Each structure stands twice: as structure tokens, then as C-alpha cells.
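Since every read-out is calculated from the coordinates, none of them should be taken as a lab result. Every value quoted in this text rests on a predicted model; they were computed, and no experiment measured them.
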Amino acid sequence: MNQKVWIGIAIGAGIGIAYAFTARGKKHAWDRWDPKDMRKKFATHGSDLMERGKKMMDHLHVIYDEGRKVCEDAGDLWQHGRRMVRS
């Protein structure tokens, strides 16, 4: 189950990074994927990309932790309810 969550997070992060690249400037479809242009973008905005990626991963970590807490609380409530029904 944990692996599925991390795979989902990785896919979401990839989509977010792809969206960040495409939202910068509207060009023709073939100009967007020019290898020389992509290399220049990475070279000039590499630190910005790393910073945004780190912030995104920090937010995803918080969301994952909160979701885990909610699941644990739901499990505790379920067990408590089952104990009450048995009594």
C-alpha cells in the first residue's frame, strides 16, 4: 500500500513539473521540446527548479503524514465501534 502511495506522489510530481515547464511560455508544440532549448532552461533555472521540487515534496510529505493519521484514527474508531457492539 505504501508503495502505491509513493508511486502516486511521483506521478503527481512529474505532472506538476511538466505543467510548470509548459506554463512558462506559449510556443509552438515543436519548439517546446527542443533539446538545446531544454538544456539552456535547465542550466539557467536549475536552482529554481530544485527549490520548487523540494517545496512540492515537502508539501506532499505533509499531506501523506496527515492522510496516514486520518487512516489510523479511522482504524481506531472502527475498533472502538466493534468493541461497543460486542458489549
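Counting only DSSP H runs of at least 4 residues, each contributing -39500 (n - 2.57), and dividing by the residue count of the chain, the helix-based mean residue ellipticity at 222 nm comes to -32000 deg cm²/dmol. Seen against the Cα atoms of the chain and their longest principal axis, helix 2-23 is set at about 30 degrees.
3J(HN,Hα) along the range 79-86: 5, 5, x, 5, 5, 5, 5, 5 Hz, from the Karplus curve 6.51 cos²θ - 1.76 cosθ + 1.60 with θ = phi - 60°, whole Hz, x for Gly and Pro.
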